[in-house]
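Asker: Structure in structure tokens, see below.
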Amino acid sequence: MNMNKYCDIALNLLFPPICASCRETLPFDSREALCPVCRSHYESEKKFLCPECSFSHKDCTCMPPNVSRYASEAIHLAEYLKEDSVVRNMVLSAKNERNAYLYRFMAKELATLLSSRMDLDEVLVTFVPRSAKKEAEFGVDQAKEASRRMAKILGCEFYSLLYHKKSKEQKHLSVFERAANARNTYGVLKKNSHLIRGRRVVLYDDVMTSGATASVCASLLKRAGAVEVIVLTFAKTYPKQKPKGASLPRKKQIYKVKKSWFW
């Protein structure tokens with residue numbers, strides 16, 4: 001047993017670990033982000049098919065037109081559902097509380113996905129920063145925590161390249177309002193701008209919705225000299241009205257995480 005594990009167990013005794021999805025208390029010596037039941041649901045959700053191209057999400061190459069103008073690729077791990085789902089619960093938990101086990105888990109999953117999709121030579125990893133207000137409120141920038149750990153696993157360079165200005169929250173805006181708001185929200189950090197020129201940059205955010213944020217941030221990195229920008233997200237949302245030909249039937253109840261199913 002290494003020193004890190006001893007430290008984790010000691011912290012668990014003070015702050016009992018809970019599942020990031022169903023909130024069930026985990027064993028005191030657990031270093032997992034999810035309970036066994038939610039982990040099983042999560043693995044099932046990863047196997048769902050993209051409603052646009054019918055490929056699995058890890059193999060999906062779909063991206064909004066506004067993102068494709070500046071990014072060579074948009075990679076995501078799973079679908080972000082409006083219904084109750086493990087992926088959705090994980091994303092919300094990562095935003096609202098500091099959970100080192102969850103960030104480690106997400107980082108490992110993202111590292112596996114990214115390494116399977118692209119060559120990582122000379123890659124620079126960065127993230128879409130959270131607003132200072134939200135970071136102060138919740139005590140964490142979830143995108144930074146997950147992407148920093150992912151870069152360490154992959155052996156890639158990691159830097160903060162963007163900053164967040166004061167603006168409205170994207171989730172309360174329409175698609176058109178999101179685009180306008182995003183353009184006035186982000187900028188390139190001058191102190192690190194020299195690191196971008198001539199580099200391939202992986203830009204991480206937790207969820208892609210309309211693509212407005214990813215598009216603006218990718219354009220800023222391209223203007224600063226990045227030769228390629230790859231957008232990486234943990235999850236992606238889709239319109240409620242799925243396109244004709246999608247192969248995955250939607251049954252709301254299959255996403256519900258209820259322990260009573262298994263007892």
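Asker: Using DSSP, restrict attention to beta bridges with both residues in region 55-240 and report what percent are antiparallel, rounded to the nearest 5. Mind showing how you got there, number by number?
Answerer: On the way: 3 of 24 bridges.
Roughly 10 percent of the beta bridges in region 55-240 run antiparallel, per DSSP.
Asker: Label-point separation (nm) for LYS191 and LYS108, each offset 7 Å from Cα along Cα-to-Cβ?
Answerer: Computed distance between label sites LYS191 and LYS108 equals 3.3 nm.
Asker: For the cross-link pairs LYS47/LYS133; LYS152/LYS191; LYS134/LYS236, which exceed 27 Å when the distance is taken from alpha carbon to alpha carbon?
Answerer: LYS47/LYS133
Asker: Remind me, relative contact order of region 55-240 in percent, using alpha carbon pairs under 8 angstrom and six or more residues apart? Could you put the intermediate results ahead of the total?
Answerer: Details: 328 pairs, mean separation 56.2, N = 186.
RCO, region 55-240: 30 percent.
Asker: Oh, and also: Please give the FRET efficiency for VAL227 paired with SER115, using the beta carbon to beta carbon distance and R0 = 30 Å, rounded to the nearest 0.05.
Answerer: For R0 = 30 Å, the calculated efficiency reads 0.90.
Asker: At what distance in nm do the modelled label points of SER72 and TYR163 sit from each other, each positioned 7 Å from its Cα along Cα→Cβ?
Answerer: Here the modelled spin labels are 3.0 nm apart.
Asker: Sort the following peptides by mean Cβ neighbour count (other Cβ atoms within 10 Å, averaged over residues), highest first: 24-36, 119-131, 74-86.
Answerer: Highest mean packing first, the order is 74-86, 119-131, 24-36.
Asker: Go ahead and run the numbers for FRET between ARG23 and SER54, Cβ-Cβ distance against an R0 of 30 Å, rounding to 0.05. Don't jump to the answer; show the numbers that get you there.
Answerer: Working: r = 34 Å, r/R0 = 1.12.
After rounding, the FRET efficiency stands at 0.35.
Asker: Let me ask something additional. Here are some pairs, LYS144/LYS190; LYS166/LYS190; LYS46/LYS240; LYS46/LYS165; which of them have Cα atoms lying more than 28 Å apart in this structure? Each step should come with its number before you reach the end.
Answerer: On the way: LYS144/LYS190 18 Å; LYS166/LYS190 18 Å; LYS46/LYS240 19 Å; LYS46/LYS165 34 Å.
Cα-Cα > 28 Å for LYS46/LYS165; rest within.
Asker: Another question, then. What does the charge count near ALA132 come to, summing +1 for each Lys or Arg and -1 for each Asp or Glu among other residues with Cβ under 12 Å from its Cβ? List each step's numbers first, then the result.
Answerer: Details: positive: ARG130, LYS133, LYS134, LYS165, LYS166; negative: GLU135, GLU137, ASP141.
The answer is +2.
Asker: Would you mind putting 105-111, 152-158 in packing order, based on average other-beta-carbon counts within 10 Å, highest first?
Answerer: Highest-to-lowest ranking by the protection proxy: 105-111, 152-158.
Asker: In addition: Summing Lys, Arg as +1 and Asp, Glu as -1, what charge do residues with Cβ under 9 Å from the Cβ of THR237 carry, THR237 excluded?
Answerer: With Lys, Arg at +1 and Asp, Glu at -1, the neighbours total +1.
The numbers here are math on the coordinates, done by the rules we state, and not lab data. Computed from a predicted model, the values in this text were never measured in an experiment. Backbone-built Cβ (ideal geometry, glycine too); neighbour counts: all protein chains shown.
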